[in-house]
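Shown next, in structure tokens, is the structure this report addresses.
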Amino acid sequence: MSRIAFDISVGRGPADMDTVREMFAEYQQWLGVDLCFQDFENELAGLPGKYAPPEGEVFIARDGADVAGIVAVRPVGDPAEKLSEMKRLYVRDRWRGRRLGRKLADMAVGFAVHAGYRKMVLDTLPQLATARGMYGRMGFQETAPYYHNPISGVVYMEKIL
């Protein structure tokens, strides 16, 4: 496996939002979970929505002209709590195993720290053992649910920033 230097940039403008929309939809299909309870269709239609700067951000990883992965950060809860959420971390099959997921997650955490958030939360599924292990190595710990999710077995995690 050759070493790849990924270009990770913030998502800006209509072309990038089309890329974000495509990647988020691909992520949902890959998960095999209906995200309608998260108002997913409206999220896609209204991008960047809650992911808009300065409170949020979307990071797109590219290998040359090919989109390899994505992650987003948004505020959640009471603004006084300074709580951020990592969302939709996804790496396409071709680029898995090259630590791109970790690079994207590190970008998300770095953004949250720079933006002044005190804590980052996320949710993940039991079958995503590799992702859960990575989050644990990054200092995330399991926590109580921070929103209602009808999917059984969801794992909620948090990290003090």
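The listed residues are G97, G116, G101, G110, and the only one of them that is in contact (Cβ under 8 Å) with a residue 40 or more places away in the chain, small (G, A, S) and not in a strand (DSSP E or B) turns out to be G97. Within the stretch 133-157, the set of residues being more than 17 Å from A72 (Cα to Cα), touching a Pro at 6+ places or on another chain (Cβ under 9 Å) and surrounded by 12 or more Cβ atoms within 10 Å (Cβ to Cβ) comprises V154, V155.
Given the structure, is T124 at pLDDT below 95, of a type in the set (V, I, T), buried (at least 16 other Cβ atoms within 10 Å of the Cβ) and under 16 Å from the mean Cα position of the chain (by Cα)? Yes.
The values are calculated or read from the model by the stated rules, or taken from the named source; none is laboratory data. Treat the numbers as computed from the prediction; the structure is a model and nothing was measured. So basically every Cβ, Gly included, is an ideal-geometry build from the backbone, and we count neighbours across all protein chains shown.
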